[in-house]
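Let me begin by presenting the structure, written as structure tokens, before commenting on it.
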Amino acid sequence: MSSRNRATLIGFVAIVLWSSVVGLIRGVSENFGATGGAAMIYTGAAALLLVTTGLPRFGEFPRRYLLWGSVLFVAYEWCLSLSIGNAHTARQAIEVGMVNYLWPTFTMVFAILFLRQRANLLIVPGVLLAMAGVGWVLGGEHGFDTTGMAANVVDNPLSYGLAFAGSLIWAAYCTVTIKIANGKNGITLFFILVALSLWIKYLLDGEHTIVFSFNALAYFVLASAAIGFGYSAWNIGIMRGNVAILAGVSYFIPVISAGLAALLLDASLSSSFWTGAFCVCGGSVLCWLATRKRAPRAAASASSSSPSQAKQCT
């Protein structure tokens, strides 16, 4: 196997790892609480990144990137982990994860608005299809049903609101880093900041939700590894592998993620949910195609920044 194919395969591993994040974060949250579980996950992931990628020389980094990158990255990871952790049911956690996967669509829109990215008219049906897909997901058993959507959101506005805000924040992070990072990657520092900020929240809230058990530790180790190794594997794939193939496959993370989460959490997903999930993926692909011919760099950069999240620009 050639070194390029090997790197591409490693990139596929990153996609699978990121796709498991929603189910694993939910599993950790059920054992350690929303904030405590998230703090533990990002502590573990930060430790893994320190071992695998090390701590870069931040004196060489643009100060604007360190400031805005830190703020946006921490805000996004808070939105992602706490939206899933505070979901009322396993099914709702998967739905919240699907709302978060609007970020590829918003990233393309932001690239057009703020990076002068050229696009054709496919961007319009792409955005509409992705938004309609989320509507199908939230509509429950009846598909695209406004009453069902409203009932879902009213049941847990915190989780759905955080997930939607997170999708916008991650799109902003991708846009900002493309413009001001100068090729630098501060991901290890950002993970450390996420972990520290979550521990501060946990202590200030006065929570006592961390109780160890074999099942809880297993979820913690798997979630930390999925996030930490996911970023490391993705960097190898993007730098040395076939970027076009990896970018294309990454747009199907919402469907892969939902399938893995359903298995991990023993949740039943209706046919209308899967219709919505494929619409979210299809909308992202249309947005990518709308920008692909004239400026593939922005599309590839948006896809290669992460996850959580292909995320994850996780």
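The values are calculated or read from the model by the stated rules, or taken from the named source; none is laboratory data. The structure presented is a predicted model; accordingly, all values stated were derived computationally and were not measured. Glycine also receives a Cβ, built like all others from the backbone with ideal geometry; neighbour counts cover every protein chain displayed.
Just name the residue that is nearest to ILE84 (Cα to Cα) out of those in the stretch 150-159 that are under 22 Å from the mean Cα position of the chain (by Cα) and assigned to a helix (DSSP H, G or I). The selected residue is SER159. For the stretch 217-230, indicate whether the set of residues that are at pLDDT 85 or above, hydroxyl-bearing (Ser, Thr, Tyr) and either touching a Leu at 6+ places or on another chain (Cβ under 8 Å) or buried (at least 24 other Cβ atoms within 10 Å of the Cβ) (or both) is non-empty. Yes - at least one qualifying residue is present in the stretch 217-230.
A Cβ distance below 8 Å, combined with a sequence gap of six or more or placement on separate chains, defines the contacts here; from the stretch 48-65, residues that are charged (D, E, K, R) reach residues that are in a helix (DSSP H, G or I) in the pairs ARG64/ILE180. If you filter the stretch 50-75 down to residues that are aliphatic (A, V, I, L, M) and over 17 Å from the mean Cα position of the chain (by Cα), you find that the one that is surrounded by the most Cβ atoms within 10 Å (Cβ to Cβ) is LEU66.
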